[in-house]
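**Q** Pasting a structure here, questions to come.
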Amino acid sequence: MPIQTTFYNFNQSGVDLVYEVGGIYGLARPTQYWANQYTILYVGQSGNLRERLQSHLNDPPTAGITHFFVERIDNLAARSQREKQLIAE
């Protein structure tokens, strides 16, 4: 399933909007020459999305991150499967 979701600004205000729930997330930047399109730089999963995104905000895994998305997935096996799917895409 492709990413059809809302992207949020990767800053403290954006991270504060995220609930402390399990799910997958992607860190991104705008795609050059394509309005409202994003290049995914990093995909991960966590049992606590807000905590994990805060960690990345304090110590980004890669340069150039400006936005992020999240998908709530409570089940660990389903999270792992979705993460693998997004990485493959």
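Just so it is clear, none of the values below were taken in a lab; they were calculated from the coordinates. Fair warning: this is a prediction, and the values are worked out from it, not measured in the lab. When we count neighbours, we look across all protein chains shown, and the Cβ atoms used for this are built from the backbone with ideal geometry, even at glycine.
**Q** HN-Hα J couplings of segment 43-55 from phi, Karplus 6.51/-1.76/1.60, θ = phi - 60°, integer Hz, Gly and Pro as x?
**A** 10, x, 9, 7, x, 9, 4, 4, 4, 5, 5, 4, 4
**Q** Okay, next question. At q = 0.16, 0.24 Å⁻¹, what is the log10 ratio I(q)/I(0) for the chain, with the Debye formula run over Cα points and no solvent?
**A** With no solvent term, the Cα-only Debye profile gives -0.58, -1.30.
**Q** Then there is this: From the backbone phi of segment 28-42, what are the Karplus-calculated ³J(HN,Hα) couplings (6.51 cos²θ - 1.76 cosθ + 1.60, θ = phi - 60°) in whole Hz, Gly and Pro given as x?
**A** Each residue's phi maps through the Karplus curve to give 8, 9, x, 7, 4, 6, 10, 5, 6, 10, 10, 9, 7, 9, 7 Hz.
**Q** Each residue of segment 8-13 in order: what ³J(HN,Hα) in whole Hz does its phi give by Karplus 6.51 cos²θ - 1.76 cosθ + 1.60, θ = phi - 60°, with x for Gly and Pro?
**A** Those phi angles translate into 10, 5, 7, 8, 4, 4 Hz.
**Q** What 222 nm value per residue comes from the helices of the chain, counting each DSSP H run with n ≥ 4 as -39,500 (n - 2.57) and dividing by all residues, nearest 500 deg cm²/dmol?
**A** -9000 deg cm²/dmol
**Q** Would you please give the residues with an amide H less than 5 Å from that of TYR38, counting only those at least 5 places away or on a separate chain, with H modeled from the backbone geometry?
**A** Here the answer is THR31, since their amide H atoms fall under 5 Å of that of TYR38.
**Q** May I pose another question? Which order, highest average first, do 58-67, 9-18 follow once you tally other Cβ atoms within 10 Å for each residue and take the mean per peptide?
**A** Top to bottom by mean Cβ count within 10 Å: 9-18, 58-67.
**Q** Still on this model: Tell me, what is the percent relative contact order of the chain, built from C-alpha pairs under 8 Å that lie six or more residues apart?
**A** The value is 38 percent.
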